[in-house]
Structures are given as structure tokens and as C-alpha cells.
């Protein structure tokens, strides 16, 4: 890995936190972010000594530049922020849709724009989408739309900002993540060829692969045990 900071945007919970932990354990300089600066600082301290936590909201892109002013250079950028959004068309919440769309498409892109002078030719970026992009469920209108946008966004970024690499990861149901842990998911497991759900460690390993393999660029990687096949 080239020298520089590993920046995990959305690193205060679940998979983002574990990505930050993985790179800290490898000796990288790690910065993680969340919406709440105090929570981000507390999570950073839990991840390990020297990890920094910063607070800003991707849904307010005009705050990103100031929040990241003293971060860099950046060798690895992970954009892992998510928002659970149950927004059926028949009862459409416009404010909720605008928040999520701004956070995940405009916010992701604005973060990359802010960091351009701190990304090198050896830097790489992973954006988090999700399987809802092509496996919609009731209420997933906005989630499905923005995750589909992520799958296209990486391609235009990889062309416009070459040779920086951009890839996206699309996890299925991650059985041991805080959101899904303890829920009954037998029906999903029965429709997964491997017979088991993806784990957080699986997703972290896949994220690291996308970030570190120098030949992987413009790829949308599914991490779901083959759920897409059924």
C-alpha cells in the first residue's frame, strides 16, 4: 500500500468500523468519520491508538471541505456511509429521499472532489452500494435507485480521474452486522447457494481486495454467497 492516510467515511458503525480496524492493525494511519463528531472520536479511540474521528454529514456537502481540511495525503478512501430508508412510492417521503440521494451520490462525489489534491496516482477508492440495486424490496425505492447510481458512478470516476482506481462493493444481507444480527433469516439462507450469509469479515476482506489489487478498476463486486444467482 502506498504511503498516506486510510480515510473511512462512515466508519462509526458496522462494516466501516471494521475496515478502519483492519487497516489500523496493519499499521496504517487511519481517519474515520461519522455524522456526530463526539461519537466519531469515541469510536476512533475504540478502534485503536492514533486513529482519528471526525464528524460531518454527507447530506450537507458544503461542510465536507472544512471537515477534511487537515486530512491527507490519502492513499485509500472508503465511502461506506449508509442510511436505512423505508420509502414506498405510495407513501413517498420527499425529504427522506432527498437526504439519502444527496448523502450517497452527491456526498460521495463531493468528498472525492474535495480530496483530489490529496489523492495520488497510486490511490484507490471503494464506494459502498448494496444488493438492493437489483434485488428491490418493498420500500426500497430510493435505496435501489442510489445503489444503482453507485454502480455507474465508479465508471465515470475511473475514466475521468485515471489512473486512480474506483470500485464499488455491493453486500447482500450481512448476517452478523449490527442491523441484521439476531433476526430470523432462514428464508434468505435457503436461497443462497453457499448455504450461509455473508459476514462482516467477508465484506472487509472484499473491500481490502478492491483497494489493494492494482488491476481491479471499475468493478461492481457482489458479496452475497451467490444470492444473485437465484
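Taking the conditions exactly as written (in a helix (DSSP H, G or I) and out of contact with any strand residue (DSSP E or B) (no Cβ under 9 Å at 6 or more places or on another chain)), does residue 145 satisfy them or not? Steps first, answer last, please.
Details: in a helix (DSSP H, G or I): yes; out of contact with any strand residue (DSSP E or B) (no Cβ under 9 Å at 6 or more places or on another chain): yes.
So residue 145 fits the description; yes.
Here the helices (runs of 4 or more DSSP H) wholly within region 28-113 that include at least 3 residues being farther than 19 Å from residue 166 by Cβ and touching a helix residue (DSSP H, G or I) at 6+ places or on another chain (Cβ under 6 Å) are 94-101. Of the residues making up region 85-96, not a single one is in contact with a strand residue (DSSP E or B) (Cβ under 7 Å, 6 or more places away or on another chain), surrounded by 15 or more Cβ atoms within 10 Å (Cβ to Cβ), closer than 23 Å to residue 168 by Cα and touching a residue at least 24 places away in the same chain (Cβ under 8 Å). Exactly one residue out of 147, 167 is crowded, with 19+ Cβ neighbours inside 10 Å and more than 29 Å from residue 93 (Cβ to Cβ): that is 167. Residues in region 122-139 that are more than 17 Å from the chain's Cα centre (by Cα) and in contact (Cβ under 8 Å) with a residue 24 or more places away in the chain: 122, 134, 135, 138, 139.
Kindly indicate which of 132, 110 is surrounded by 15 or more Cβ atoms within 10 Å (Cβ to Cβ) and modelled with pLDDT of 95 or more.
Values: 132 fails: modelled with pLDDT of 95 or more.
Within the list 132, 110, the selection yields 110.
For region 185-230, a tally of residues being in contact (Cβ under 8 Å) with a residue 40 or more places away in the chain and part of a helix (DSSP H, G or I) returns 11.
Each row is one residue, and each column tells you yes or no for (1) within 27 Å of residue 141 (Cβ to Cβ); (2) without any contact (Cβ under 8 Å) to a residue 60 or more places away in the chain; (3) surrounded by fewer than 20 Cβ atoms within 10 Å (Cβ to Cβ); (4) under 14 Å from the mean Cα position of the chain (by Cα).
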{"site": "30", "(1), (2), (3), (4)": "no, yes, no, no"}
{"site": "38", "(1), (2), (3), (4)": "no, yes, yes, no"}
{"site": "47", "(1), (2), (3), (4)": "no, yes, no, no"}
{"site": "53", "(1), (2), (3), (4)": "no, yes, no, no"}
{"site": "71", "(1), (2), (3), (4)": "no, no, yes, no"}
{"site": "83", "(1), (2), (3), (4)": "yes, yes, yes, yes"}
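Counting only residues that are in a loop (DSSP other than H, G, I, E, B) and within 25 Å of residue 151 (Cα to Cα), region 162-184 holds 11 of them.
Sort through 208, 181 and tell me the only one that's closer than 22 Å to residue 21 by Cβ, surrounded by fewer than 20 Cβ atoms within 10 Å (Cβ to Cβ) and at pLDDT below 95. Unique residue meeting the criteria: 181.
Condition (residue is in contact with a strand residue (DSSP E or B) (Cβ under 9 Å, 6 or more places away or on another chain), farther than 24 Å from residue 165 by Cβ, part of a loop (DSSP other than H, G, I, E, B) and at pLDDT below 95) applied to region 5-12: is it met by at least one residue? Within region 5-12, one or more residues are in contact with a strand residue (DSSP E or B) (Cβ under 9 Å, 6 or more places away or on another chain), farther than 24 Å from residue 165 by Cβ, part of a loop (DSSP other than H, G, I, E, B) and at pLDDT below 95.
Of the set (1) within 19 Å of residue 77 (Cβ to Cβ); (2) surrounded by 18 or more Cβ atoms within 10 Å (Cβ to Cβ); (3) out of contact with any helix residue (DSSP H, G or I) (no Cβ under 6 Å at 6 or more places or on another chain), all apply to residue 175 but (1). On inspection, residue 79 fails the criterion of being more than 25 Å from residue 178 (Cα to Cα) and crowded, with 16+ Cβ neighbours inside 10 Å.
The values are calculated or read from the model by the stated rules, or taken from the named source; none is laboratory data. Nothing here was measured: the structure is a model prediction, and the numbers come from that model. Don't worry about glycine lacking a Cβ; one is built from the backbone with ideal geometry, like all the others, and counts go over all protein chains shown.
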